[in-house]
Amino acid sequence: SQTIHQWPATLVQPVGSPLSLECTVEGTSNPNLYWYRQAAGRGLQLLFYSVGIGQISSEVPQNLSASRPQDRQFILSSKKLLLSDSGFYLCAWRRSPLSEAFFGQGTRLTVV
Amino acid sequence: ELKVEQNPLFLSMQEGKNYTIYCNYSTTSDRLYWYRQDPGKSLESLFVLLSNGAVKQEGRLMASLDTKARLSTLHITAAVHDLSATYFCAVDMGAQKLVFGQGTRLTINP
């Protein structure tokens, strides 16, 4: 069966510090991968998605970046965090264009 | 601009009542998904709708898709307290891009 791992679960970082969130999927190959952000009490904002290794589509031109160094690994990064980067970050994967997305447990990031 | 809009955004209802959540989207798509999110938790898949006229039911929830109207509905029948959650629709906008609505926060009161 397929599983998705996302870590850490909770993170408190100072303004200006770097960020690296990692997401891995097991039990499938060539998944579509997604990073979403959810501000408190709000909807899901699509940040990045990837249909293959090294292929990243960016939806939000901010101080965040994403990379896919391996088939089942998706990394969200920032060189310098802003207060506005606080939120609940969710990684998701899809098997195919016809399947639903399956979500990781999320990372709650607080920038102080 | 590609948009997915849900209404209402907040819904408070009594147990035993029926209600409908609406999801409108701005581009041609025949792939729509409904999710549930409990407070502080991740998202759980509820329904996958892949064609015009698709209807799926699970317990007290029923989802349908009208691709010509670019509209999906999530109908709640005889609501019970444990259906209280935030419900999201998501639309595949093409090229694997999956866009979510703002969510509908549903509170069911005894």
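The values are calculated or read from the model by the stated rules, or taken from the named source; none is laboratory data. Not measured: the values here are computed from a predicted model. No Cβ is skipped: glycine too gets one built from the backbone with ideal geometry, and neighbour counts run over all protein chains shown.
Of all residues being within 14 Å of chain A (Cβ to nearest Cβ) and farther than 15 Å from B:Gln6 by Cα in region B:83-97, which is farthest from the chain's Cα centre (by Cα)? Just the residue, please. Spell out the reasoning first.
Filtering region B:83-97 for residues within 14 Å of chain A (Cβ to nearest Cβ) gives B:85-97.
Narrowing the set further to residues that are farther than 15 Å from B:Gln6 by Cα leaves B:92-97.
Details: B:Asp92: 14, B:Met93: 16, B:Gly94: 19, B:Ala95: 22, B:Gln96: 19, B:Lys97: 18 Å.
Within region B:83-97, the match that is farthest from the chain's Cα centre (by Cα) is B:Ala95.
Selection of region A:1-16 for residues being surrounded by 12 or more Cβ atoms within 10 Å (Cβ to Cβ) and within 14 Å of chain B (Cβ to nearest Cβ) yields A:Gln2, A:Thr3, A:Ile4, A:His5, A:Gln6, A:Trp7. Residues that are within 29 Å of A:Ala40 (Cβ to Cβ) and among the small types (Gly, Ala, Ser): does region B:46-55 have at least one? No, region B:46-55 contains no residue that is within 29 Å of A:Ala40 (Cβ to Cβ) and among the small types (Gly, Ala, Ser). Looking only at region A:67-98, residues that are touching a strand residue (DSSP E or B) at 6+ places or on another chain (Cβ under 7 Å), within 14 Å of chain B (Cβ to nearest Cβ) and among the small types (Gly, Ala, Ser) come to 2 in all.
Summed over region A:51-71, the residues that are under 11 Å from A:Asn32 (Cβ atoms) and either modelled with pLDDT of 95 or more or in contact with a helix residue (DSSP H, G or I) (Cβ under 7 Å, 6 or more places away or on another chain) (or both) give a count of 1. When A:Leu19, A:Leu33 are screened for being within 29 Å of A:Ser1 (Cβ to Cβ) and either among the aliphatic types (A, V, I, L, M) or facing chain B (nearest Cβ under 10 Å) (or both), only A:Leu33 passes.
For region B:40-82, filtered to residues that are within 30 Å of A:Thr10 (Cα to Cα) and within 14 Å of chain A (Cβ to nearest Cβ), the residue that is modelled with the lowest pLDDT is B:Gly40.
Within region A:42-66, the set of residues being at the interface with chain B (Cβ under 8 Å from one of its Cβ atoms) and either farther than 21 Å from A:Glu100 by Cβ or in contact with a Pro (Cβ under 8 Å, 6 or more places away or on another chain) (or both) comprises A:Arg42 only.
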